[in-house]
Every structure is written in C-alpha cells, then in structure tokens.
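A short worksheet on the structure shown next.
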Amino acid sequence: MKPILDFFSSVKLTLVLLLGLSVVAVFGTIWPIEQGTILRFELYFQSLWFRLLLGLLALNLSACTWKTFVRVFGERKRLLGQLENTDPAMQKAGHDLACQDIDELSSRLQEQGYSVTLAGDRLLARRGVIGRWALPILHLSILVIMVGALAAQLGFVGTMNLYVTHQSAEYFDWESETDVPLGFTFRLDHFEPQYYPIDLRFATYDKETRKQLQEFTTREGETVEISPGLSVQVQRFFPDEQHLVLGVVREGVLVGEYHSLSGERTYPNSIDLGSEIKLTAFRDPLLKQLHCEVSILENDEVVRQGIIEVNTPLVHRGVAIYQTAYSRDESGFWTCGFQLSKDPGEPLVWVGSVVLTLAILLVFFVRFFAVGVVPTGNAFRLRPLAGFRGEVGKDKLRGLAAGLGWEASND
C-alpha cells in the first residue's frame with residue numbers, strides 16, 4: 001500500500017501531469033481547427049483523455065493531501081520523539097538555561113506565545129501551529145474547487161425568447177437541442193431600454209394657423225418656460241416611439257402631464273397649454289441599461305417578482321436568468337432573449353477559492369516554530385526543533401533563550 005501511496009503522491013508525477021496539461025492547453029488555445037462544426041474547446045478541453053489527466057492530477061493531489069494531514073496529525077508525537085534523541089549533534093544544538101524549574105520555563109514559554117506540552121521532565125513548545133495546517137488545507141481547497149467544477153456537469157445552460165407579457169415553462173437546451181422543462185414558469189411583464197439624458201428640441205405651434213411660435217433646446221430633467229407663469233419639465237423621452245412626456249407646471253405647481261408625438265401623430269391630452277407642442281429633433285440616444293420586470297409562477301400563482309438588468313440576473317431555485325438580447329418587431333412589440341444557467345458546483349468553487357486564499361496567506365504570514373526543553377544534569381537546555389533555520393533563525397532562538405534565562409557563558 002505504501003509504495004502505491006508514494007507513487008501517487010510523488011512530486012515527479014505532479015510535474016509530469018502539469019506539463020501534460022500545459023501542452024494540451026497551449027494546443028487547445030492556438031491550434032487551428034478544421035473539423036466542421038467541432039469546437040476547439042470540445043476537441044481538447046472536453047475530451048476524455050484531457051479529463052483523464054485532470055483525474056490523475058486530482059488523485060495525485062488527494063494522495064499528497066492525505067500524507068500532509070497524516071504528517072501534521074502526528075507531528076506532536078514526532079517532535080516529542082526528537083526530544084528523546086541521543087544523537088550528540090542534536091544534544092549540542094541550542095542553549096543551556098539557568099532556570100531549573102520546569103514549571104517556570106513552561107510559564108515563560110506561554111508568555112511568548114507558545115503552546116506547551118509536558119512529557120515527564122521534558123517540554124515541547126510550539127507556536128504558529130495553525131500555519132502547519134495551511135498546506136493540507138490548501139491542497140484540500142484545490143480538490144474542493146475541482147469537485148465543484150465536476151459538479152457543474154450536472155447543471156445546464158439554455159436560452160429563452162419572450163415577448164412582453166408572454167411566459168414560458170421551458171427553455172431551449174443547446175446541448176440536446178430540445179426544449180426542456182424549467183421547473184417553474186417565467187413571465188416577462190415589462191421591458192424598456194433606459195438611456196442617458198437625451199438632448200432634444202421641441203417647438204410650440206399655434207393651434208389654428210399651425211405657425212411655429214417658439215423653439216426650445218433642452219434635455220430630460222430640465223424645465224423651460226413656454227409662456228409667463230407656465231413651464232414644462234421634460235420627464236421622459238422614449239426615442240423608439242419618439243414620444244415626449246412633459247410635466248406641466250403652472251404658477252410653480254405641477255398640474256399634470258402633456259404628451260407629444262413626432263410627425264402628424266397626436267395624443268389626447270387633457271391639459272390645454274394654449275398652444276401645441278411638437279418634437280422637432282433629438283440627439284442619437286446612448287444606451288444606459290436594459291430593464292426587465294419579470295415574475296416567477298408556480299402552480300399558476302406568482303411566487304416571486306423581480307428585476308433583471310445587465311449584470312444583475314434573477315436567481316430562482318439555483319437557476320440564474322440573464323438578459324442577453326432584445327429586439328422590436330415590425331408591429332412595435334418588444335421581445336427579449338434570456339440565458340438560463342444552473343451550476344450546482346458554484347458554491348463549492350467559491351468556498352474552495354476563499355479557503356485557498358486564506359491558506360496561501362497562512363503559508364506566507366504564519367510561521368511555525370517548535371522548541372524542546374530537555375534536562376542536562378542539574379539544568380535544562382533549549383533545543384530547536386523547527387523554524388529556526390539560517391542566521392535569522394539563530395537570532396530568534398537566541399532571543400527566545402534570553403527570555404528563558406540563557407547561560408551565555410556555557411554556549
């Protein structure tokens with residue numbers, strides 16, 4: 001069993017697999033495809049052999065994760081065993097301490113942030129233990145991300161096209177190229193494209209002679225005075241219908257709305273301005289947002305209502321609904337296209353990514369230190385076990401020894 005575990009946890013195997021995946025990724029990115037309707041993504045990244053490479057990498061990572069967990073779980077026992085080591089080189093390492101009270105040494109180590117384990121007349125002190133868990137947690141988080149990516153195969157991506165006020169309980173699945181039940185009914189209640197404030201021009205005309213009286217250049221949200229004591233505020237302008245909505249303000253009081261249509265079209269307004277207002281020109285509109293008001297129905301009852309805008313989908317039962325297109329037919333009716341997607345593995349990917357980030361931070365910013373205190377005749381000796389490598393490590397060990405009562409003359 002151990003040889004098999006050693007093989008699958010081998011760093012050499014990891015490098016071979018990563019190299020193979022990298023080569024495939026390069027060819028899958030730049031190699032020209034002349035296979036009719038076959039997509040490069042399907043030919044390379046969805047192929048059985050590419051998935052086998054990923055499966056082997058997952059197995060390799062699982063073996064490495066298991067070994068690191070076992071090593072960290074057994075680390076306290078292993079370090080305690082090192083305190084029993086009678087190797088002369090090990091016994092010489094460290095610094096003699098003047099303090100002869102094991103309980104006092106334990107208290108001083110705890111004051112410096114170490115967790116202490118007493119084993120007979122010996123002490124094991126560790127600091128930054130959580131940093132030792134960073135590597136196995138990092139491995140585990142990558143496996144969680146891979147499982148999340150695999151679970152995405154259980155989801156779907158489909159499309160739906162609806163006229164305003166229409167509804168559907170099915171979507172078109174592009175993989176099977178058939179209509180598939182959605183599990184609930186989706187209804188498009190209202191749609192309108194929203195624009196940035198539009199510069200426009202309108203004029204007042206005499207009702208009898210049709211002679212132009214005045215012309216005004218303004219934009220949405222602005223107010224202009226068309227006669228003494230009478231003003232109009234541009235409330236909305238619908239460029240597709242060329243429909244202008246004005247708020248009528250008489251003596252500072254908003255008294256109602258006035259609607260104006262371009263060309264020979266008229267609107268039955270109830271407010272008499274003493275003249276007629278007609279739109280004469282407007283600047284090409286700049287699209288700001290696509291606004292859909294929708295409803296979700298179950299058993300012919302509305303269970304949820306919401307708004308779908310660009311980058312703001314509606315999510316129901318794990319199905320994310322995005323607006324992807326819109327158009328207007330010859331009769332002036334709006335139709336909208338929606339993309340529907342469900343990814344059961346998305347929560348796993350998010351959790352794995354967050355844990356992976358935290359594990360990387362632990363690797364870089366939480367360093368593990370372990371020391372032992374062993375008896376040497378009538379005194380004790382501080383022995384380094386982990387984390388005190390190089391000159392920086394030696395300085396840290398000297399600083400720790402000084403805080404415990406270091407007999408410098410004996411080193």
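For segment 278-401, state what percent of all Cα-Cα pairs lands in each successive 10 Å bin, counting from 0 Å until the bin that includes the largest distance.
9, 19, 17, 12, 10, 10, 11, 7, 3, 1, 0
Using r as the Cβ-Cβ distance of Ile30 and Ala149, and R0 as 25 Å, what FRET efficiency do you calculate, to the nearest 0.05?
So, using R0 = 25 Å, E works out to roughly 0.60.
I need two numbers for segment 139-216: Rg to one decimal and Dmax as a whole number, Cα atoms only, in Å.
Rg, Dmax (Cα atoms, Å): 26.3, 84.
Using r as the Cβ-Cβ distance of Thr357 and Ser270, and R0 as 35 Å, what FRET efficiency do you calculate, to the nearest 0.05?
Between Thr357 and Ser270 the formula returns 0.05.
Which of Leu154, Val363, Ala203 sits closest to the plus end of the dipole of the chain, meaning its Cα is farthest towards the positive end, when Lys and Arg get +1 and Asp and Glu get -1 on the C-beta?
Of Leu154, Val363, Ala203, it is Val363.
When all C-alpha to C-alpha distances in the chain are sorted into bins of 10 Å, what percent of pairs does each bin hold, rounded to whole numbers?
Answer for the chain: a P(r) of 4, 14, 14, 13, 13, 11, 11, 9, 6, 4, 1, 0, 0 percent.
Please name which of Pro347, Gly247, Ile142 has its Cα lying farthest along the dipole of the chain towards the positive end, using unit charges on Cβ (Lys, Arg +1; Asp, Glu -1) and the Cα centre as origin.
Ile142
Explain nothing, just the number: dipole magnitude of segment 271-399 about its Cα centre with +1 on each Lys and Arg Cβ and -1 on each Asp and Glu Cβ, in debye rounded to the nearest 20.
Taking the Cα centre of segment 271-399 as origin, the dipole is about 1780 debye.
In deg cm²/dmol, rounded to 500, what helix-only [θ] at 222 nm does the chain give when every DSSP H run of at least 4 residues adds -39500 (n - 2.57) and the total is split over its residues?
On the way: 10 runs with 134 residues, N = 411.
Helices in the chain give a 222 nm mean residue ellipticity of -10500 deg cm²/dmol.
For Glu309, project a label point 7 Å along Cα to C-beta. Then give me every residue of segment 244-271 with its amide nitrogen under 16 Å of that point.
Residues passing the 16 Å test: none.
Semi-axes of segment 197-282's equivalent ellipsoid from the Cα gyration tensor, sqrt of 5 times each eigenvalue, largest first, rounded to whole Å?
They are 17, 16, 12 Å, listed largest first.
Simple spin-label model, 7 Å along Cα-to-Cβ: Val116 to Val11 in nm?
About 3.7 nm, to one decimal.
Rounding to the nearest 20 debye, state how big the charge dipole of segment 153-255 is about its Cα centre with +1 on each Lys and Arg Cβ and -1 on each Asp and Glu Cβ.
Once rounded to the nearest 20, the dipole reads 640 debye.
Could you work out the relative contact order of the chain, using alpha carbon pairs under 8 angstrom and six or more residues apart, expressed as a whole percent?
21 percent
Just to be sure I understand the model, the point goes 7 Å from the Cα along the line to the Cβ. What's the resulting Asp329 to Arg78 distance in nm?
7.1 nm
Mean Kyte-Doolittle of at least 1.0 and a Cα length of 27 Å or more along the axis: which whole DSSP H helices of the chain meet both?
11-30, 48-73, 346-365
What nm distance separates the two modelled labels at Val255 and Arg236, each placed 7 Å from Cα along Cα→Cβ?
Result for the modelled spin labels: 2.3 nm.
Springs between alpha-carbon pairs under 10 angstrom, Gaussian network model over the chain: which of Ile30, Ile142, Ile102 fluctuates most?
In this elastic network of the chain, the residue with the biggest mean-square fluctuation among Ile30, Ile142, Ile102 is Ile30.
GNM, the chain, Cα, under 10 Å: largest mean-square fluctuation among Val349, Val253, Val294?
Val253
Placing +1 at every Lys and Arg Cβ and -1 at every Asp and Glu Cβ, with all other atoms neutral, what dipole size does the chain have around its Cα centre, in debye to the nearest 20?
Computed charge dipole of the chain: roughly 2660 debye.
What is the set of long-range amide H partners of His316 at a cut-off below 5 Å, with H atoms built 1.01 Å from backbone N?
Result for His316 returns Ile321.
Between Ser327, Ser341, Ser227, find the one with the highest GNM mean-square fluctuation for the chain; connect C-alpha pairs within less than 10 Å.
Ser227
Could you tell me which GluC sites (Glu not before Pro) in segment 265-349 are loop residues by DSSP with no more than 12 other beta carbons within 10 angstrom of their beta carbon? Could you put the intermediate results ahead of the total?
Details: sites: Glu276, Glu293, Glu298, Glu301, Glu309, Glu330; in loops: Glu330.
Those satisfying the criteria are Glu330.
Assuming R0 = 56 Å, what is the FRET efficiency of Ala169 and Thr223, from their Cβ-Cβ distance, to the nearest 0.05?
0.75
No lab work stands behind these numbers, since they all come straight from the coordinates. Predicted, not measured: the structure shown is a model, and the values here were computed from it. All Cβ positions, even for glycine, are placed from backbone atoms using ideal geometry, and neighbour counts span all protein chains on display.
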